[in-house]
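Novice: There's a structure below that I have some questions on.
The values are calculated or read from the model by the stated rules, or taken from the named source; none is laboratory data. For clarity, every value in this text was computed on a predicted model and none was experimentally measured. Every residue, glycine among them, receives a Cβ derived from its backbone with ideal geometry; neighbour counts consider all protein chains shown. Remember, those area values only see protein heavy atoms, side chains included, never the ligands or the DNA or RNA. Shrake-Rupley method; radii C 1.70, N 1.55, O 1.52, S 1.80 Å.
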Amino acid sequence: MKHLKSLRDFVAALDDLGQIQPINVEVDWNLEIGAVTRRSYELRAPAPLFNKIKGIGEGFRVLGAPGGLGGENANRFARVALALGYPADTPGRDIIEGLAKSASRRGIPPRFLATGPCKENIMIGDDVNLLRFPTPQIHGADGGRYIQTYGLNIVRTPDGSWTNWSVNRMMLLDRNKLTCLIPPNQHFGMIHAQWRAVGKPTPIVVALGVEPGLPYVGGMSAPERVDESHILGAHFNEPIEVVRGETVDLPVPATAEIVIEGHVSHEDIAPEGPMGEYPGYLDVSPAKPKPILHVSAVTYRNQAILPVVAAGPPVEEDHTGWGMPHAAMCLRDLQAAGLPVTSAWMVLESACHWMLVAVATDWHESTKIASAELARRIGDVLFATKTGFGIPKVLLVEDDFDFTDVGKTVWAFASRAHPHHGEIEFSGQAQNILPVFLDADEKFTYHATKVIYNCLLADRFPVGDRPIAADLAHGWPPDLVARVIKNWQRYGYGADPAAKN
């Protein structure tokens, strides 16, 4: 496992793979950066690195699509894999299962350094000027310029017992103010409420361009009072490196490209949004009043790089950056409950609306229960967790196909779920309010009905009569399959990817 400790190390590793596209012509922060980034997702093109930005002084850059998918099938998850220390060709399933194991280990706290690259330039008080940075207007319908789309918001409880690292959007207001989306039922919102209770504004660090693994634990559905930086330490079996803030008593990732320090007010508000979001739709609703972050200090590296996400239809960082870590936590929680779950996968192309849960093919023999009862038990566990808060629909399948292949998942869902009794509903469940299918009362109450689609077959057929996929692996003798793969080029095709394994 290779621990890339800075965004720059990550960019260099991606460049070695051909997954960085330097853009040296001048581009406009107003919509053009967002449009190029969005097009790169749609083509699964290399991540754009914008080196010259209109109206912005030299020394500031933007990296689009830092967690998008690659175009080569073998390296499809390369940006995620490298960020988490794995080889570029690591399969998606292996990434999820490795991250689930890391989340189950004892955490390793960060190591404090005297200083770090993030302190190369310092602006404090009246010297603060956020307008120097290449903050993009991403979508045409967005209510403003969003500087925080892929960084870490770091807050701590007033008693110092819990530090939370999360990814929540923040919009630029002026030279020293941001406005913040802080959902009250997320951990950031809970800690913000504790500061309100003691009558003080919430100290905060917004760290942008952090080491590449941090956004994945920031997007992870860790339980309350768990420090996400400790999970990343456990994952790499070594602490991440931090320094102390200039004006707030909070940890700062030592190699962060841009660090914003300040306090979130409980009284001062300003319009925030709308913004295109992870379900894949532009938000055309009016801006809503949200808390203001008053900035007290900014530190940044020379030639600083601002990472940017152009949220929208899948697959982008909302889907990889929190979808995949959510799958890891889903797997961890269901296995901890003693359920016969072998893996989990957020179907990325569903825009984080479908969580797939795979169970052992012998689940019926081992549990002696019907599939509907197993689905009910899985739902009771999952929907009571922080992971379940963001998941409206679950596909429950036997672990007998490659569910990271969306085509195979659609086939299994369509062919195995019964149209009459294949849905198990869970009413009155806690739910985030961004999915567009929600009714107004569901958005108001943060509660909705959730569903598990039962795609299990083992309890509906005797052992010898269960359906078998008519694919190459199951429909032909193994020796013939091996020969066909070996001879693929002799038939006039290119090399079969399986022949390399």
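Novice: What is the Cα radius of gyration of region 169-327 over 2.2 N^0.38 Å, N being its residue count?
Specialist: Numbers: Rg = 16.0 Å, N = 159, 2.2 N^0.38 = 15.1 Å.
Against the empirical 2.2 N^0.38 Å value, I get 1.06 for region 169-327.
Novice: What residues have an amide H closer than 5 Å to that of residue 272, excluding those fewer than 5 places away on the same chain, when H is modeled at 1.01 Å from N in the peptide plane?
Specialist: Here 288, 290 satisfy the definition.
Novice: Indicate, rounded to the nearest 5 percent, the antiparallel portion of the DSSP beta bridges found entirely in the chain. Please list the in-between numbers first.
Specialist: Working: 54 of 77 bridges.
Approximately 70 percent, going by the DSSP bridge assignments.
Novice: What accessible area per residue comes out for region 208-277, rounded to a whole number of Å², with a 1.4 Å probe?
Specialist: Values: 1840 Å² over 70 residues.
Per-residue accessible area for region 208-277 comes out at 26 Å².
Novice: Between residue 444 and residue 122, what FRET efficiency comes out of the Förster formula 1/(1 + (r/R0)^6) with R0 = 41 Å and r the beta carbon distance, rounded to 0.05?
Specialist: Plugging the Cβ-Cβ distance into 1/(1 + (r/R0)^6) gives 0.40.
Novice: How big is the gap, in Å, between the Cα center of region 480-501 and the Cα center of region 439-459?
Specialist: Taking the Cα centre of each part, region 480-501 and region 439-459 sit 43 Å apart.
Novice: Can you give me the Cα centroid spacing of region 249-267 and region 374-412 in angstrom?
Specialist: 36
Novice: 7 Å from Cα along Cα→Cβ at both residue 402 and residue 89: what's the point-to-point distance in nm?
Specialist: Taking the two extended label points, one gets 1.3 nm.
Novice: Report the Rg/Rh value for region 318-456, based on alpha-carbon coordinates and the Kirkwood definition of Rh.
Specialist: That ratio equals 0.94.
Novice: Evaluate the distance, in nm, between pseudo-label points positioned 7 Å from the Cα of residue 15 and of residue 482 along their respective Cα→Cβ axes.
Specialist: Placing both labels 7 Å beyond Cα along the Cβ direction yields 4.4 nm.
Novice: Moving to a separate point now. Of the listed peptides 463-470, 79-86, what is their order by residue-averaged count of other C-beta atoms within 10 Å, with the highest listed first?
Specialist: On the way: 463-470: 9.8, 79-86: 23.6.
Per-residue Cβ counts within 10 Å, averaged per peptide and sorted highest first, yield 79-86, 463-470.
Novice: Here's a follow-up. Separation between the residue 72 and residue 420 pseudo-spin-labels, each 7 Å from Cα along Cα→Cβ, expressed in nm?
Specialist: Taking the two extended label points, one gets 5.1 nm.
Novice: What figure, in Å² to the nearest 10, do you get for the accessible area of residue 385 with a 1.4 Å probe and non-protein molecules left out?
Specialist: 30
Novice: So, how do all the Cα-to-Cα distances of region 125-195 break down into 5 Å bins, in percent, from 0 on up?
Specialist: 3, 15, 22, 20, 17, 15, 6, 1, 0
Novice: May I pose another question? If Lys and Arg each add +1 and Asp and Glu each add -1, what is the summed charge of the other residues whose beta carbon sits under 15 Å from the beta carbon of residue 176? Provide the component values of the computation, followed by the final result.
Specialist: On the way: positive: 132, 145, 175, 177; negative: 126, 127, 174, 246, 261, 268.
The answer is -2.
Novice: Right, next: Would you give the gap between the C-alpha center of region 104-134 and the C-alpha center of region 1-47, rounded to a whole Å?
Specialist: Region 104-134 and region 1-47 have Cα centres spaced 22 Å from each other.
Novice: To continue, here is another question. With a/c under 1.5 counting as rounded, go ahead and sort region 51-210 into rounded, prolate or oblate using the C-alpha gyration tensor (a ≥ b ≥ c being the square roots of the eigenvalues; past the cut-off, prolate if a/b is larger than b/c, else oblate).
Specialist: It comes out oblate by the Cα gyration axes.
Novice: Pop out the ³J(HN,Hα) list for region 478-491 in order, Karplus 6.51 cos²θ - 1.76 cosθ + 1.60 with θ = phi - 60°, rounded to Hz; leave Gly and Pro as x.
Specialist: With coefficients 6.51, -1.76 and 1.60, one gets x, 5, 5, 4, 4, 5, 4, 5, 4, 8, 4, 5, 5, 6 Hz.
Novice: In region 126-259, what percent of the accessible surface is made up of carbon and sulfur (1.4 Å probe, ligands and nucleic acids excluded)?
Specialist: Numbers: 1810 of 3980 Å².
After summing per-atom areas, the C and S share lands at 45 percent.
Novice: Sticking with this one: What's the longest uninterrupted piece of the chain once you rule out the GluC sites (Glu not before Pro) that are loop residues per DSSP with at most 15 other Cβ within 10 Å? Spell out each step's value before the answer.
Specialist: Numbers: sites that count: 26, 58, 72, 120, 224.
Longest site-free region, per DSSP loop and neighbour criteria: 225-501.
Novice: Percent relative contact order of region 354-418, based on C-alpha pairs within less than 8 angstrom and at least six residues apart?
Specialist: 47
Novice: Which of the trypsin sites (Lys or Arg not before Pro) across region 105-209 are loop residues per DSSP, with 11 or fewer other Cβ within 10 Å?
Specialist: 106
Novice: Same structure again: Could you tell me what fraction of 2.2 N^0.38 Å the Cα radius of gyration of the chain comes to, as a two-decimal ratio?
Specialist: Normalised by 2.2 N^0.38 Å, the Cα Rg of the chain equals 1.00.
Novice: Something else: Quick check on the chain: helices-only [θ] at 222 nm, where DSSP H runs of length 4 and up contribute -39,500 (n - 2.57) each and the sum goes over total residues. Nearest 500, please.
Specialist: Numbers: 15 runs with 130 residues, N = 501.
One gets -7000 deg cm²/dmol as the mean residue ellipticity at 222 nm.
Novice: Filter the trypsin sites (Lys or Arg not before Pro) in region 332-417 to those in DSSP coil with at most 14 other Cβ atoms within 10 Å of their Cβ, and list the result.
Specialist: On the way: sites: 332, 368, 376, 377, 386, 393, 408, 416; in loops: 368.
Here the sparse-neighbourhood loop sites are 368.
Novice: Sticking with this structure for a sec: Could you compute Rg(Cα) / (2.2 N^0.38 Å) for region 1-58, with N its residue count? All intermediate terms of the calculation are to be shown ahead of the outcome.
Specialist: Working: Rg = 12.9 Å, N = 58, 2.2 N^0.38 = 10.3 Å.
With N residues counted in region 1-58, Rg over 2.2 N^0.38 Å equals 1.25.
Novice: Take the alpha carbon gyration tensor of region 56-97, find the square roots of its eigenvalues, order them as a ≥ b ≥ c, and report rounded if a/c is under 1.5; if not, report prolate when a/b exceeds b/c, else oblate.
Specialist: Since a/c reaches 1.5 and a/b is larger than b/c, the shape of region 56-97 is classed as prolate.
Novice: 5 Å is the cut-off here: which amide hydrogens, built 1.01 Å from N in the peptide plane, fall below it relative to residue 342, excluding neighbours closer than 5 in sequence?
Specialist: Excluding prolines and chain starts, which carry no amide H, the hits are 358, 359, 360.
Novice: Would you list, by chain and number, the aspartates and glutamates whose Cα falls below 14 Å from the Cα of residue 119, excluding same-chain residues fewer than 8 positions away?
Specialist: Of all the aspartates and glutamates, those that pass the test against residue 119 - Cα under 14 Å, at least 8 places apart if same chain - are 241, 246, 257, 261.
Novice: Given a 1.4 Å probe, how much area per residue of region 311-416 is accessible, in Å²?
Specialist: 31
Novice: Give me the percent relative contact order of region 217-340, please, defined on Cα pairs under 8 angstrom at least 6 residues apart. Can you show the working numbers first?
Specialist: On the way: 157 pairs, mean separation 31.6, N = 124.
Relative contact order, region 217-340: 26 percent.
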